[in-house]
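The values are calculated or read from the model by the stated rules, or taken from the named source; none is laboratory data. Because the structure is a prediction, the values reported are computed rather than measured. A quick note on method: Cβ atoms are made from the backbone with ideal geometry, for glycine too, and the neighbour counts reach across all protein chains shown.
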Amino acid sequence: MQASSSSMHSRLFHALYYFSTVNSTIEKSTLIFLAKLSKNNNREWFSANKHHYELAKENVEQFMDGLIAKMNTHDVIDTPSGRKALYRIYNDVRFHKDKAPYNPRFSGYLKRVKPMFRGGYYLWIKPGASRVGCGFANPSSDDLRRIRQDISTNFDDWKKLLKTKSIGSVFGTMQGDKVKTAPRGFSPDDPAIDLLRCKQYWFERSFTDQEVTSPDFLQKVNNTYKSIRPFFDYMSEVLTTDANGISLY
């Protein structure tokens, strides 16, 4: 699917602007702050080190700004800025057994422009556990039903898709939770039953701390996300058409 010419030109202009103005390298000091927060996960320490937190957060926001600009040279990202992309570092302790007030990581999410462009991009910056993810973590019930319908009908296409070199060499196999038995409306004898049991369609790649703080990390993340595009393009086609291939929009 193609974005409109004017939309793409606008995104390319902003991309070129950001490339010339934004520091897009994750600083070592950002990982050092997160490591210290992990060992001192309390409000007193955080308050005393709030300035270091603000610097680290700004660093990751700038990285995300650069990533959004880079992504918009070949994709259509709806998330407007690094600030909007990042999740809060504060834990909501009301609903968790872990009562630590902070989650010692920076994480973010980049949305594609819906309804025509489906799938999402995720990023976690955490000492010793940084990774990127992409795919469909929580598809709606309607989307899940349509995906399963396509899997059952076009199982051979799915097998080829998941064996695409760009996907396998970067992510390995698809991950995600599955239902224990055949989903409602599908036979347990369906040749595609293993895929039909999926309720998430998820891919991840991990990075070392050295990779995260290297000047080419943004390019590595961009290339990683770009490698999932055959899957996203296929899923976007499925989720914007009915079972007869008629466009829904």
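Odds and ends about this structure:
- Any hit, segment 136-152, residues being part of a loop (DSSP other than H, G, I, E, B), on the phi > 0 side of the Ramachandran plot and either modelled with pLDDT of 95 or more or more than 16 Å from the chain's Cα centre (by Cα) (or both): no
- The residue of segment 124-153 that is farthest from ASN222 (Cα to Cα), among those that are in contact (Cβ under 8 Å) with a residue 60 or more places away in the chain and among the acidic types (Asp, Glu), is ASP150.
- The single condition from (1) over 19 Å from ASP150 (Cα atoms); (2) basic (Lys, Arg); (3) over 19 Å from the mean Cα position of the chain (by Cα) that LYS163 fails is (1).
- Of the residues making up segment 208-231, just one is of a type in the set (Gly, Ala, Ser) and within 13 Å of the chain's Cα centre (by Cα), namely SER227.
Conditions tested, residue by residue: (1) modelled with pLDDT under 95; (2) outside any strand (DSSP E or B); (3) surrounded by fewer than 17 Cβ atoms within 10 Å (Cβ to Cβ).
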| position | (1), (2), (3) |
| --- | --- |
| ALA182 | no, yes, yes |
| PRO188 | no, yes, yes |
| PRO191 | no, yes, yes |
| LEU195 | no, yes, no |
| PHE203 | no, no, no |
| SER206 | no, no, yes |
| LYS220 | no, yes, yes |
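- Positions within segment 40-49 being touching a residue at least 40 places away in the same chain (Cβ under 8 Å), part of a helix (DSSP H, G or I) and out of contact with any strand residue (DSSP E or B) (no Cβ under 7 Å at 6 or more places or on another chain), in sequence order: ARG43
- Verdict on VAL60 being crowded, with 19+ Cβ neighbours inside 10 Å, modelled with pLDDT under 95 and hydrophobic (A, V, I, L, M, F, W, C): no
- Residue identified as hydrophobic (A, V, I, L, M, F, W, C), surrounded by fewer than 12 Cβ atoms within 10 Å (Cβ to Cβ) and modelled with pLDDT of 55 or more among ALA48, ALA3: ALA48
- Annotation for segment 121-132: at least one member residue is surrounded by 20 or more Cβ atoms within 10 Å (Cβ to Cβ), over 10 Å from the mean Cα position of the chain (by Cα) and farther than 30 Å from ASP190 by Cα.
- Every test in (1) out of contact with any Leu (no Cβ under 8 Å at 6 or more places or on another chain); (2) surrounded by 15 or more Cβ atoms within 10 Å (Cβ to Cβ); (3) closer than 28 Å to ASP242 by Cβ is passed by TRP158 save one, and that test is (1).
- Within segment 95-123, residues that are under 17 Å from SER206 (Cα atoms) reach partners that are assigned to a loop (DSSP other than H, G, I, E, B) with beta carbons closer than 6 Å, at six or more positions or on different chains, in the pairs ARG105/LYS126; SER107/TYR87.
- Pairs are defined by a Cβ separation below 6 Å, a sequence spacing of at least 6 or placement on different chains, a first member in segment 50-77 that is basic (Lys, Arg), and a second member that is assigned to a helix (DSSP H, G or I); the pairs so defined are LYS70/ASN222.
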